[in-house]
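Notes for the one structure printed next.
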Amino acid sequence: MEQELLYPLTNKCRFDQKLDGLWDFKFDRESQGLADNWTAKLPDPIKMPVPASFNDFFTDKDSREYTGDFWYAKRVFVPGSLRGKLIGLRFGAATHRATVYVNGQEIRSHEGGFLPFLADITSAVKFDEDNLVVLKMNNELHRDALPAGDTAVLKNGKKMVKPFFDFYNYSGLNRSVHLVAMPENHVVDYTAVSSLGDDVATVHYTVTTSQSAGSVSVTLRDENDQIVATSNGRSGDLVVQHPQLWNVRDAHLYTLTIQVTANDQLLDEYSDEIGIRTITIAGHQIEVNGQPVYLKGFGRHEDSIYAGRAFDLNVEKRDFELMKWMGANSFRTSHYPYDEEVYRFADREGFLIIDEVPAVGFKMAAASFLGGLDQSFFAGDWTEELYKKHLDQVTDMIHRDKNHPSVLAWSLFNEPDTSSKSAVPYFEKMFAATKALDPDQRPRTFTLNEDDTFDTSYCKQFPDFYLLNRYPGWYHKWGYEISDGEAGLREELDKWAASDIDKPVVFSEYGADTQPGLHKLPSVMWSEEYQIELLQMFNRVFDSYDFIRGEQPWNLADFQTVEGNMRVNGNKKGLFTRDRQPKEAAFYLRQRWLDIDNNF
Ligand SMILES: CCC[C@@H]1NC[C@@H](O)[C@H](O)[C@H]1C(=O)O
């Protein structure tokens with residue numbers, strides 16, 4: 001569990017320099033790098049872009065599919081003007097695990113490929129010189145790690161991942177690396193939680209500093225840079241008269257500035273943008289500022305050609321323009337926390353985010369799709385170790401993202417196997433352990449997969465609202481049989497309706513693989529016409545039940561998956577192609593969403 005997760009910035013007290021660009025890179029097929037002292041020098045390295053997944057740059061399959069240890073190295077100059085500060089390297093994401101060395105000294109390790117971590121290198125750094133930064137990384141999948149899978153050893157001795165999920169195991173330094181410097185006595189973390197009155201808002205804040213010395217003052221400025229509230233102390237209330245509330249697709253942000261001073265000297269300053277809003281679940285309504293909202297959006301992936309899972313500001317900008325064009329107002333960070341820049345986009349654009357940890361593949365049946373076993377995942381002997389990593393990553397996700405107004409809810413699993421009682425103890429522990437992590441007490445949930453229905457799931461008691469992943473018309477009752485698919489879906493929803501459950505239901509996945517440009521009249525599966533027919537079926541069902549409060553088809557865009565006889569170079573359920581151009585269904589769904597008000 002990380003202590004330092006604040007987003008890096010440069011100001012009169014702090015220094016932040018991105019180390020994006022070409023790093024030295026080398027596979028370590030024999031896992032000999034440590035023994036051969038690669039922490040001092042990578043022998044015969046190649047150049048590798050950062051941020052990027054290494055996989056798709058290569059022209060040979062052994063390199064693209066490489067599984068095991070691999071190394072990065074870069075010489076980093078540290079200016080002498082930073083002397084006396086904490087010097088750190090902040091990694092946005094190292095997928096899936098890394099150990100950091102500086103000038104040959106081991107600094108720290110980190111497990112989890114989708115959340116940041118800070119390596120404090122103060123003790124190892126040489127000022128006004130180049131410093132050798134080296135990472136030893138590994139991208140194997142295991143049942144006791146997130147995301148879940150296996151790593152096989154082929155007869156030729158080469159390793160191969162066997163994911164229990166379908167997105168490609170893109171690996172590497174997928175997000176930016178920053179050289180940062182902060183005062184020894186600095187702001188480590190802050191929280192800001194809003195409550196609303198009659199034309200007034202109160203932002204209750206807390207500030208954590210690395211040392212108890214010094215006094216803290218907090219200022220809040222509006223969009224015209226006018227001070228609207230101030231307070232002193234490491235916790236307190238900022239009272240804002242006539243607040244400009246953050247609303248869905250009508251975002252207003254404030255700048256919160258924290259200063260730490262001693263003897264009239266400024267020790268540290270940290271600023272961030274926050275939104276004044278509340279999130280509540282009221283019966284079967286999801287409410288923002290007490291107003292019901294209807295979620296229109298997507299499951300997504302951080303995925304694009306060339307750099308794989310790398311965060312790419314250009315792709316993110318295009319994705320937001322597409323989502324706005326569609327009339328969307330939300331998305332799920334399926335199936336892992338995204339780069340921080342994504343949440344800042346959503347804060348500015350007024351999008352709601354369901355923030356998800358990579359607790360995906362917790363279902364052996366998924367593995368059986370890939371030739372695995374078919375048993376209850378949570379009966380496995382790996383769950384104790386898995387739980388520790390899972391809780392660690394939920395804790396860090398909430399710690400990192402808790403101050404974003406865009407974050408609506410936390411998704412603690414994607415499609416876990418809850419059709420066996422063996423899941424219940426794990427869920428009881430996880431939901432109990434995470435209840436108090438979010439100062440804003442946002443709802444917690446998980447997606448119920450195809451096999452975990454109203455009748456078969458043993459874990460319906462846990463989520464604050466429901467996310468349903470349902471695939472009639474694609475994975476079963478497909479093609480001409482889709483009418484039975486609709487009937488079956490209605491039968492299940494009738495049970496939800498007849499039950500005493502009074503919580504919102506959001507459809508978080510549904511869709512059909514669609515080959516762009518494939519047309520057939522009458523339709524056939526994989527045709528553009530069929531994708532529209534499937535969406536029309538689901539929309540008829542959504543419009544029949546008032547407790548359905550959101551629709552997020554799978555996926556915004558086509559994305560890369562493992563090879564398989566059910567995949568045509570990736571998952572094609574996108575409403576847009578992988579190069580972000582619309583399929584016919586995008587025009588159909590856009591028309592529907594433009595007619596549905598955000599507060600419907
Ligand atoms: C029936 C499971 C559907 C599955 N759900 C998780 C997503 O990550 C996959 O892409 C999606 C699919 O297979 O299209």
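The values are calculated or read from the model by the stated rules, or taken from the named source; none is laboratory data. Just so we're clear, the structure is a prediction, and the values are computed from it rather than from any experiment. Neighbour counts run over all protein chains shown; Cβ positions are idealised from the backbone, glycine included. When the accessible area is computed, the model is the full protein with side chains, heavy atoms only, and any ligands, DNA or RNA have been set aside. Shrake-Rupley method; radii C 1.70, N 1.55, O 1.52, S 1.80 Å.
Could you please state how large a percent of the accessible area of segment 15-182 is carbon and sulfur, counting protein chains only and using a 1.4 Å probe? Exposed carbon and sulfur together represent 49 percent of the surface.
The value given for segment 188-274 is a Kirkwood hydrodynamic radius of 13.5 Å, derived from the mean inverse Cα-Cα separation. A simple rule links phi to the HN-Hα coupling: the Karplus curve 6.51 cos²θ - 1.76 cosθ + 1.60 with θ = phi - 60°, which for segment 379-384 gives 8, x, 7, 9, 5, 5 Hz, with x for Gly and Pro. Using Cβ point charges alone (K and R +1, D and E -1), the dipole size of segment 188-274 about the Cα centre works out to roughly 200 debye. Residues 77, 507 ordered from highest to lowest accessible area at a 1.4 Å probe: 77, 507.
For residue 467, the residues whose modelled amide H falls within less than 5 Å of its own, excluding neighbours fewer than 5 places apart on the same chain, are 446, 448, 506. Rounded to whole numbers, the Karplus 3J(HN,Hα) couplings from phi for segment 125-133 are 7, 10, 7, 6, 9, 6, 10, 8, 9 Hz, using 6.51 cos²θ - 1.76 cosθ + 1.60 with θ = phi - 60°, and x at Gly and Pro. What list of whole percents do you get for P(r) of the chain, with Cα-Cα distances grouped in 20 Å bins up to the one holding the largest distance? The percentages, shortest bin first, are 20, 53, 26, 2. Think of the chain as a dipole: +1 on every Lys or Arg Cβ, -1 on every Asp or Glu Cβ, centred on the Cα centre; then among 351, 298, 63, 63 lies furthest on the positive end.
Surface exposure of segment 284-595, expressed per residue as accessible area with a 1.4 Å probe, stands at 34 Å². Shown in residue order for segment 586-595 are the 3J(HN,Hα) couplings computed by the Karplus curve 6.51 cos²θ - 1.76 cosθ + 1.60 at θ = phi - 60°: 4, 5, 5, 5, 4, 4, 4, 6, 5, 8 Hz (x for Gly and Pro).
As a fraction of the 1.4 Å probe accessible area of segment 284-595, surface on carbon and sulfur atoms comes out at 52 percent. Whole-percent P(r), segment 15-182, all Cα pairs, 10 Å bins from 0: 10, 39, 34, 13, 3, 0.
Here the spin labels are modelled as points 7 Å beyond Cα on the Cα-Cβ line, and at residue 429 and residue 232 they lie 4.7 nm apart.
Can you give the calculated 222 nm mean residue ellipticity of the chain, where each DSSP H run of n ≥ 4 adds -39,500 (n - 2.57) and the sum is split over every residue, rounded to the nearest 500 deg cm²/dmol?
Working: 9 runs with 107 residues, N = 600.
-5500 deg cm²/dmol, from helical runs alone.
Summary of the geometry: segment 490-569 and segment 16-79, compared by the centres of their Cα atoms, lie 40 Å apart.
With a cut-off of 8 Å between alpha carbons and a minimum separation of six or more residues, what is the relative contact order of segment 15-182 in percent? Can you show the working numbers first?
Working: 385 pairs, mean separation 52.2, N = 168.
RCO, segment 15-182: 31 percent.
Quote the convex hull volume per residue of segment 290-350, based on C-alpha atoms, as a whole number of Å³. Numbers along the way, then the final one.
On the way: hull volume 5.9 nm³, N = 61.
Given the Cα convex hull of segment 290-350, per-residue volume reads 97 Å³.
What you get for segment 1-120, charging only the Cβ of Lys and Arg (+1) and of Asp and Glu (-1), is a dipole of about 680 debye around the Cα centre.
Could you tell me how far the Cα centroid of segment 397-421 sits from the Cα centroid of segment 267-284, in Å? Centre-to-centre (Cα) distance: 17 Å. Rounded to the nearest 20 debye, the dipole magnitude of the chain is 1000 debye, with +1 charges on Lys and Arg beta carbons, -1 on Asp and Glu beta carbons, and the Cα centre as origin. For a distance above 14 Å, tell me the whole-number percent of Cα pairs in segment 130-180 that qualify. Everything past 14 Å amounts to 64 percent. Distant-in-sequence amide contacts of residue 209, defined by a placed amide H-H separation under 5 Å and a gap of 5 or more residues or a different chain, comprise 188.
Here's the picture: charge each Lys and Arg Cβ at +1 and each Asp and Glu Cβ at -1 in segment 140-202, and of 185, 197, 160 the one pushed furthest to the positive end of that dipole is 160.
Amide H to amide H, with H built 1.01 Å from N, residue 67 comes under 5 Å of 159, counting only residues 5 or more places away or on other chains. Here each label is just a point 7 Å from Cα along the line to Cβ, and for residue 305 and residue 200 those points are 5.8 nm apart.
Beta carbons within 10 angstrom, averaged per residue: use that to sort the peptides 96-107, 233-244, highest first. Kindly include the intermediate steps, with their values, before the conclusion.
Numbers: 96-107: 19.3, 233-244: 16.3.
Descending mean neighbour count gives 96-107, 233-244.
With a Förster radius of 35 Å, plug the Cβ-Cβ distance of residue 213 and residue 436 into 1/(1 + (r/R0)^6) and report the FRET value to the nearest 0.05.
Numbers: r = 28 Å, r/R0 = 0.81.
That pair, residue 213 with residue 436, gives E of 0.80.
Residues of segment 7-24 with an amide N closer than 12 Å to a point placed 7 Å from the Cα of residue 317 along the Cα-to-Cβ direction: none.
Given an 8 Å cut-off on Cα distances and at least 6 residues of separation, report the relative contact order of the chain as a percent.
Working: 1425 pairs, mean separation 74.8, N = 600.
About 12 percent, as a whole number.
If contacts are Cα pairs under 8 angstrom and at least 6 residues apart, what is the relative contact order of segment 1-95 in percent? Intermediate values should be presented prior to the final figure.
Details: 70 pairs, mean separation 28.2, N = 95.
Averaging sequence separation for qualifying contacts and normalising by length gives 30 percent for segment 1-95.
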